[in-house]
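Scroll down for the structure; my scribbles are underneath it.
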């Protein structure tokens, strides 16, 4: 019976706005799977795919790691940003010396913008009801 070679996996969580991505990074050939779907199928535009692959390109590590991710919340662009954040954080676990490059590129910073809550006495967060003088 052949024993399976133990693979080292790196786990990280990425966030952007209300989107959350749980990322598993494995040594591999560069395959990316998101929510059990093909990468190109989940992120249909090249802009979104470039956002997700940016940490690998910054480190010249394209094709060295496989990514398995679970994304939830937000929209597709928010999930792409969350996945980029998660990949960057997982790459830090691979080698701490990557921190300078990833930080300079802005991949380690979480995008904290969220929808502002609705306030009482208003139809939205800041919008007011139409003023009537008479």
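Could you line up 46, 18, 109 from fewest to most neighbouring Cβ atoms inside 10 Å? Numbers along the way, then the final one.
Values: 46 9, 18 15, 109 12.
Ascending number of Cβ neighbours within 10 Å: 46, 109, 18.
With R₀ set to 25 Å, the beta-carbon distance separating residue 22 from residue 119 gives a calculated FRET efficiency near 0.15. The angle between the Cα long axis of helix 46-59 and the longest principal axis of the Cα atoms of the chain comes to about 50 degrees, rounded to the nearest 10. In plain terms, the residue of 66, 60 with the fewest other Cβ atoms within 10 Å comes first and the most crowded comes last, giving 60, 66.
Pair-distance distribution of the chain: all C-alpha pairs, bin width 10 Å, starting at 0; shares per bin in whole percent are 12, 38, 24, 12, 8, 4, 1, 0, 0.
What FRET efficiency comes out for the pair residue 111/residue 132, r = Cβ-Cβ distance, R0 = 35 Å, nearest 0.05?
Numbers: r = 40 Å, r/R0 = 1.13.
In this case the efficiency is close to 0.35.
Considering only 106, 124, 75, the mean-square fluctuation computed in a Gaussian network model of the chain, springs between alpha carbons under 10 angstrom, is largest for 124. Cβ-Cβ distance of residue 95 and residue 35, R₀ of 25 Å, FRET efficiency by 1/(1 + (r/R0)^6): the value works out to about 0.35.
When only Cα pairs below 8 angstrom with a gap of at least 6 residues are kept, the chain shows a relative contact order of 30 percent. By the beta-carbon count within 10 Å of each Cβ, the least crowded to most crowded order of 68, 8, fewest first, is 8, 68. Helix 76-94 and the long axis of the chain differ in direction by around 40°, with both axes built from C-alpha atoms.
Each reported figure results from applying straightforward, stated rules to the coordinates on display, with no laboratory input. None of these values were measured; they are calculated from a predicted model. All Cβ positions, even for glycine, are placed from backbone atoms using ideal geometry, and neighbour counts span all protein chains on display.
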